[in-house]
Amino acid sequence: MSTARTSAAILASSLLLGIAVPAFQTTASAKPARSAAIVGVASEMDTTTESGTATGTEAGTGTEATAGGTDSAVVPQSLLESRLAAVTSAKSINYYPSNAGWSAMWTGFDAARVDADMARAAALGADNVRVIVFPQAFGYPRPKADYAERLRKFISIADANNLTVKLTLFDWWANYTDAAGSAAWAKTVLAPYADDERVLSVELKNEFVSTDPAAIEWVRQLIPAVREAVPQMPLTLSVDGQSGATGLGRIKAALTETPLDYYDFHFYGNSERALGEIRRAQDAVAPTPIVIGETGMSTAAIGSEGEQGAYLARTFRAARVAGVGSVSPWTLFDFADGAIPSNSQVSKVPAQYKFGLYRADGTPKFAASVVRAAWAGEELTNDLLDLGFEAGQSASPWRPYLVEEGTSGVATRARDAARTGEFSARFTGTGRDGSNLPSIRTAPIAPVSGGQSWHAEVWARGAGVTGSNEMALSWFDVNGKWLGQNSSKQVAKGASEWTRLTVDAVAPAGATGVQLHLKSGDNKGSVWFDDVALTPVAG
């Protein structure tokens, strides 16, 4: 996780309305037994103490190959192939303890806490955990024996909770002039796990800077050295959320002589356009597979837990449509104050403390139920969006737009009029600026593509209504460019009973996202909205 993607990860965070949390109920399924693992610690490791400051509709890849000939005998997969198949379909979670983020996880290693956290991850439905190993903490260029033992212990704890492990190396790293030392360090760390089925893959560098010539030369030397030490281990790199597909493409082009086995896409873009972004990443490295190794949204802004859940639901749904079989939320827990080491840039960024599926005290956010449902194979639908406005503020995925145009609060969750249930969304005394109208907005869980037919509806009533009051669909391309909108009829002026407003429209060519807006501008009276629907039309 880096500061470079913080701005991309925090999306329109002031939320006004509520969302009901569905009661997803599932249990983690046990993995099949694995063969005996190699878990020894290299004997030559330094024993000094710490002194540093340091495009289908189903997910999944990897099918069994069959031999030629008439008998179609099954050819056993190599360990490399089976690991790659597992990593590209893993239900993976990013992890640091809530009280010890980044390198502090290792400098203050707490086996009991790790065990409890791994049990929590498994209960959520995870079958894999991604963990980052820091040279500054482990000792460089010779890993310390006690830190190697902490890694061995972590892998054993994960395994005891039916979780495999993805290892990421060289975070907080810029010493690209020492390729030989880097290779020696990596080989020593990884050698015990060369044929250990509990370890699925190795990410050589977290959020690799693909524009740095020194980094490119360093990794060109690192890849063959690591392959020599662990030839059956899938290797990958990631880039930060700002570099995205372009960064992945640069890596692939630079490593034609030393190719990777898969690419790790860190997605922190606009979830409403997730399918377009994911397909861009796939195209950048095709035919090599990708995983989404990090994704999520911070809830640091007040009341954004509902949008965090919707963000992850859209990303999981888009990944499935794109045929990407592994989506890894960042991260399992929020971090307590002081949990991120002060020598890390991200320790000063409030948003970095609030990406968790669980709060620092262990209580679940709405997003935990979304991820549980996704990993259980449940369909993620617009039921997550509280389209009837029946729940509390903190779980709302609805966001205000052009709040400054309203003369007295853009919308409130009102109890004084509801078509069904107890609540609706009410606008009263709104302003406008030219053609701009204040609104609240949401976006569907299902991804959008050009040429799709969509149906939207909402029920509205009014009292003393003036100005413009309507529902609209706004269309966007993968770069966030506005492509146009389709609007419903206006809410009747004066007083009116509940009336259904509808929009039936075809997504413009190039559309990858749509927002549904409930608008009210220059309205001296009140208008209520309730029972929203937004669905693609089959056919």
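The values are calculated or read from the model by the stated rules, or taken from the named source; none is laboratory data. None of the values given here were measured: they were computed from a predicted structure. No Cβ is skipped: glycine too gets one built from the backbone with ideal geometry, and neighbour counts run over all protein chains shown. These area figures cover heavy atoms from the full protein model, side chains too; ligands, DNA and RNA do not enter into them. Shrake-Rupley method; radii C 1.70, N 1.55, O 1.52, S 1.80 Å.
Of Ala116, Ala174, Ala86, Ala180, which residue is under 20 Å from Asp196 (Cβ atoms), of a type in the set (A, V, I, L, M) and outside any strand (DSSP E or B)?
On the way: Ala116 fails: under 20 Å from Asp196 (Cβ atoms); Ala174 fails: under 20 Å from Asp196 (Cβ atoms); Ala180 fails: under 20 Å from Asp196 (Cβ atoms).
Sole residue among the options that is under 20 Å from Asp196 (Cβ atoms), of a type in the set (A, V, I, L, M) and outside any strand (DSSP E or B): Ala86.
On the stretch given as the range 98-132, residues that are under 23 Å from Ser326 (Cβ atoms) and open to solvent by 10 Å² or more (accessible area, probe 1.4 Å) total 7.
Condition test on Gly388, is it buried (at least 18 other Cβ atoms within 10 Å of the Cβ) and either modelled with pLDDT of 95 or more or under 21 Å from Thr299 (Cα atoms) (or both)? Answer is yes for this residue. When Asp159, Asp146 are checked against the criterion of being in contact with a strand residue (DSSP E or B) (Cβ under 9 Å, 6 or more places away or on another chain), among the acidic types (Asp, Glu) and not in a loop (DSSP other than H, G, I, E, B), Asp159 stands alone in meeting it. The one condition from (1) modelled with pLDDT of 95 or more; (2) open to solvent by less than 40 Å² (accessible area, probe 1.4 Å) that Ala67 does not meet is (1). Of the set (1) over 18 Å from Gln282 (Cβ atoms); (2) touching a Gly at 6+ places or on another chain (Cβ under 9 Å); (3) open to solvent by 10 Å² or more (accessible area, probe 1.4 Å), all apply to Ser210 but (1). For the range 311-323, the condition of being part of a loop (DSSP other than H, G, I, E, B) and among the aliphatic types (A, V, I, L, M) holds for none of the residues. Name the single residue that is farthest from Phe267 (Cα to Cα) among those in the range 484-503 being aliphatic (A, V, I, L, M) and open to solvent by less than 60 Å² (accessible area, probe 1.4 Å). If we take residues in the range 484-503 being aliphatic (A, V, I, L, M) and open to solvent by less than 60 Å² (accessible area, probe 1.4 Å), then Ala492 is farthest from Phe267 (Cα to Cα). In the range 511-524, of all residues being open to solvent by 10 Å² or more (accessible area, probe 1.4 Å) and touching a Gly at 6+ places or on another chain (Cβ under 9 Å), the one that is nearest to Ser474 (Cα to Cα) corresponds to Thr512.
Scanning the range 150-183 for residues that are open to solvent by 50 Å² or more (accessible area, probe 1.4 Å), at pLDDT 95 or above and on the phi > 0 side of the Ramachandran plot returns a single hit, Asn162. Residues that are surrounded by fewer than 24 Cβ atoms within 10 Å (Cβ to Cβ), aromatic (Phe, Trp, Tyr) and within 16 Å of Val202 (Cα to Cα) are absent from the range 264-279 altogether. Beta carbons closer than 6 Å, at least 6 apart along the sequence or on distinct chains, pair a first residue in the range 224-235 that is under 20 Å from Thr164 (Cα atoms) with a second that is open to solvent by 10 Å² or more (accessible area, probe 1.4 Å) and at pLDDT 95 or above for Val230/Ala194; Gln232/Leu79; Gln232/Leu80; Pro234/Leu84; Pro234/Asp261; Leu235/Leu260; Leu235/Asp261.
Anything in the range 190-199 that is open to solvent by less than 10 Å² (accessible area, probe 1.4 Å) and outside any loop (DSSP other than H, G, I, E, B)? List them, or say none. Full working, then the answer.
Let us first name the residues in the range 190-199 that are open to solvent by less than 10 Å² (accessible area, probe 1.4 Å), namely 190, 193, 196, 199.
Matches in the range 190-199: Leu190, Tyr193, Val199.
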